[in-house]
Amino acid sequence: MTAIASEDVLDAEALRRAADLLAGSPVLGVAVVLAAPHPDLPREAASDPRRVRVDLLALASEQHTFVIHCTCFADLRPLAPVLAGPHAPYVVFPDAHFHLTALAGLGLQVPRVGCTRTAATLLAEGVIGRHDELEISALARRHLGAALPGEWLSGQVLPAWSRLEVVAAAAAAAPALLRVLTPELRARGLSRAYELECKLLPAVVAMEAAGIGVDGPHFLAIADGWRAELQVTEAEGRRAQLEKLISTYAGWPRDFLGDDGRMRTHLHPLATDSGRFACSQPNLQQVPSEHTAPGLRSCFRAEPGNVLVVADYAQIELRVAAHLAPCAAMREVFHAGRDPHRATAATLARKPEAEVTSHERKLAKAVNFGFLFGMGARRFQEYAEGNYGLALDLAAAERAREAFFSTFPGIAAWHRKVSALQPRSAREDLTVRTALGRRKRFLAGKFSFNAALNIPVQGTAAEGFKKAMIALHPALAELGGRGILCVHDEYLAEVPEEHGEAARALVQRIMQEAMAEVVTSVPILVDSRVARHWAE
DNA sequence: ATGGTAGATAGC
DNA sequence: GAATGCTATCTACCAT
């Protein structure tokens, strides 16, 4: 493993040295980090050299082929003359992600060397979780030269590729890469999860490209309302909340609203340990709720002539947990169409489910969500207070915990089983898996009981959801519609007004069926509605 | 000034 | 024996 000096300015000479290092050597990757403005670089880069990090990644050293990552340019054309040296071909990926510590994790003692996600290794990593992404990235890297379509290696710097085009190209390359990698993925039990991610990419590309319609003036008016309220508010708690809203959200229309009145985000299907999506710039998965910022979600709306379909899974984590644990009692609740919160409340209050009051049910809801993933009584007190406005003493919290576990003994057994892994975890690595085999590895001494409970459940739910997204992509297109956002267990589509009801039924059915393929022992329910705005 | 991290808080 | 988890983004703070 070799690295070029990290503070080099990217110029023809630096590229030449990189090529020499790569040629016929066991070098896997070379990073060039620009630390000083370069006269040939665009002004936006020169003004912020920190952001100009260009990575070179050897794909197949014998072919002198490498991939260049660049994080900061919306338009890559100004870079073309810099990159068009004698050592082409290059492929340019704007807006790649960096793992500056990744090679260090391999024992490479070179500061500031980056190991990047190429558009294709993007497909591979994450399937197994970030802790061991390098193993699978190296696999993809080894096969990448053979798997990429020929035009990628044409010797041309691809001009001004948008991030979307890059991901789209990765999606196009996915089948070939999948074929090559399948035997090794299968040996690791990862082929189903990997195949899912490959199939998902086109739907993600379309969703990012679509964006979501936003009423900019209304959004800004609401933000002005926050500022006005901050002026006259004394209460420290409310002030802090308003400051958070202003600093995080007020600039969204300016920063992210396109000329066409649509806001586009970056979705990252492979960026989390669990398999859920990450989302950034802006993070549309954390738009404040109606409770926190009334009216804000109403700014997210359908175009004239269209409607939104908004659908979300009902109690998905409880259902997945009932399936995975397994917990017969909880499965029975769902099979009978009963309410799991009412069931817990009945145990807690020692009365029939039919006589449970709304306050008792509210407490039980906190109990079910809180204790499912290993929360303790102490923490539950804060949780119930903070999220549900329920004040209870430690003894009451303990009673609630016992009521939960006696209502769902299968969940208690599941916790005991995972807890039993603890002694081994001090000296050996442990792995937990989702339904499709995606894995999360805990290195020796780094085991987390709670994460070992949570990640397979979260991840399995994410897999069912991703299956639904794959199926919905072509199905909605037949109605002239499209998916526009996904928020963990919630899906937003935009369809022509005349197909609103048909699309609602379609989305609900496909989401239910897709999740049922993964979660086979518990009925799956999706709530859905047709609306002009995101908010209810 | 730049860079890294901790804690709080937005979402699920 | 006890233990929610997964994120992104902002502010504050400390080290260089």
Positive minus negative residues near residue A:289 (Lys, Arg vs Asp, Glu; Cβ under 15 Å): -3
Computed label-point distance, nm, for sites residue A:238 and residue A:303 using a 7 Å Cα→Cβ extension: 4.1
Protection proxy ranking of A:486-495, A:457-466, A:227-236 - average other beta-carbon atoms within 10 Å, highest first: A:457-466, A:486-495, A:227-236
FRET efficiency estimate (nearest 0.05) - Cβ-Cβ, residue A:426 to residue A:529, R0 51 angstrom: 0.55
Alpha-carbon centroids, region A:198-214 and region A:230-257: separation in whole Å: 29
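Which order, highest average first, do A:288-294, A:205-211 follow once you tally other Cβ atoms within 10 Å for each residue and take the mean per peptide?
Details: A:288-294: 12.9, A:205-211: 19.7.
Per-residue mean Cβ counts within 10 Å order the peptides as A:205-211, A:288-294.
Find, among the trypsin sites (Lys or Arg not before Pro) in region A:343-399, those assigned to loop by DSSP (not H, G, I, E, B) with at most 13 other beta-carbon atoms within 10 angstrom.
Passing both the DSSP loop test and the Cβ count: A:350.
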Extension gain, residue A:289 back to residue A:388 (0.36 nm per residue minus Cα-Cα distance, nm): 34.1 nm
Among the listed pairs A:362/A:417; A:351/A:440; A:417/A:466; A:446/A:466, those beyond 31 Å (Cα-Cα): A:351/A:440
Part-to-part distance (alpha-carbon centres) for region A:464-486 and region A:291-310, which is given in Å: 19
Pair residue A:362, residue A:221: separation of 7 Å Cα→Cβ label points (nm): 3.2
Region A:328-407: Rg to Rh, with Rh as the Kirkwood radius over Cα pairs: 0.95
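Computed from the coordinates by the stated procedures, all read-outs in this text should not be read as laboratory data. The structure presented is a predicted model; accordingly, all values stated were derived computationally and were not measured. So basically every Cβ, Gly included, is an ideal-geometry build from the backbone, and we count neighbours across all protein chains shown.
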